[in-house]
Structures are given as C-alpha cells and as structure tokens.
Amino acid sequence: MSASLATRRLLAAVLAAGALVGAAAVPAAAHDDDRRGHHGRHSSIVIGDVQQDGRGRGRDNRALNREWIEVKNTGRNSVNLRGFTLTDQDGNRYRFKHLRLDGHSSVKVHTGNGRDTHRDVYQDRRHQIWDDRDTATLRDDRGRIIDTETWGRRGHHDNHRR
C-alpha cells in the first residue's frame, strides 16, 4: 500500500507542476500577440494591390473606377465579408454587403458606380477618394483592424499587416 501511496503522491506532484507550467505559458503567449499588434486570431483576409489614379481627379465614372483596392482571401475557406469596412485617411468608408469571398480569391473595391459581382464591387461615389498619399484600413465586422496599406511615401507602397 505504501508503493501505491507514493505513486499517487508522485502523480499529484507531476500534475500540479504541469498545471503551473501551463498557466504560466498562457499569459506569455497573449503578451507576445499584443506586442505584434494582433487583434484576435490571424485573419486570412488582407489588402492586396492598390490602384489609385492620381493623373486625373476626374468625376466621370470611368476615372472613378480606375481606382480600386483589392481585398484578398489568402486562406482555403470562404469568408463572408458582410459588415467588413474599408476606410481611407479622411474617414471615407465602404461597408461590404453580403459577399462571400472564396478561398484564394480576391475582390476589387472600385470607387465609382457599377454592378456588384463576386470579383468587383462598387462604392457608388461621385468623387475619387484614394489620394496620391493615403492609407487604406480594412476592419472586420466587429470593427477590429485586420490590415492596412499605405502608399505614396517615398514613392512605394508600405504594407502594415495586423
């Protein structure tokens, strides 16, 4: 019976030590994510290419639709973008309606008017919003920043993924 009692005590000590190690590891992992600026789990939805038309600040629909922001799904699973928003530095905001973005695909968000499809959606604006120097911010349906893209600084795009 003493061997059984010793075995139980040893097992209890091992389990207690494991619980302490596990409890200590969880806050450290959460702290690491906070330092990198992540908000929740990693998203497969990101900003891809940016096309802003700085040559002409035209108001015709063709000029408006020459500027767009690409939103990409880098994951395998489709994602419903309903409630996601895309904003510029001046606070102009586009809110996605029901749009299911398939895995490994993308959609272009055009400034002007057009008929929404699974590859192109339109903000229905009458003026250009993406400046020569601007930042696009993509937020999920809860308002959390999931990606940003800045361009026009020192002549190239700066990508700041969150």
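Prolate is the label for region 64-115, because a/c, from the alpha-carbon gyration tensor with a ≥ b ≥ c as root eigenvalues, is 1.5 or above and a/b exceeds b/c. In a DSSP loop and with at most 13 other Cβ atoms within 10 Å, the trypsin sites (Lys or Arg not before Pro) in region 83-146 are LYS97, ARG115, ARG119, ARG126, ARG133, ARG142, ARG144. Close amide H pairs (under 5 Å, H built 1.01 Å from N) link ILE146 with LEU138, ARG139, ASP140, residues at least 5 positions away or on another chain. Placing pseudo-labels 7 Å out from each Cα toward the beta carbon at ARG133 and ASN77 gives an inter-label distance of 4.1 nm. Here the label points at THR85 and ARG115, each 7 Å from Cα along the C-beta direction, are separated by 3.0 nm in the simple model.
When the solvent-accessible area of region 72-162 is split by element, carbon and sulfur atoms take up 39 percent of it, the probe being 1.4 Å. Ligands, DNA and RNA are left out, and with a 1.4 angstrom probe the accessible area of region 65-149 is 54 Å² per residue. Other residues within the sphere of radius under 14 Å centred on the Cβ of GLU70, judged by their own Cβ, net out at -1 (K and R +1, D and E -1).
The values are calculated or read from the model by the stated rules, or taken from the named source; none is laboratory data. From a predicted model like this one, the values you see are computed outputs, not experimental measurements. Positions of Cβ are backbone-derived with ideal geometry, glycine not excepted, and every protein chain shown enters the neighbour counts. Calculation scope for accessible area: heavy atoms of the full protein, side chains included, ligands and nucleic acids excluded. Shrake-Rupley method; radii C 1.70, N 1.55, O 1.52, S 1.80 Å.
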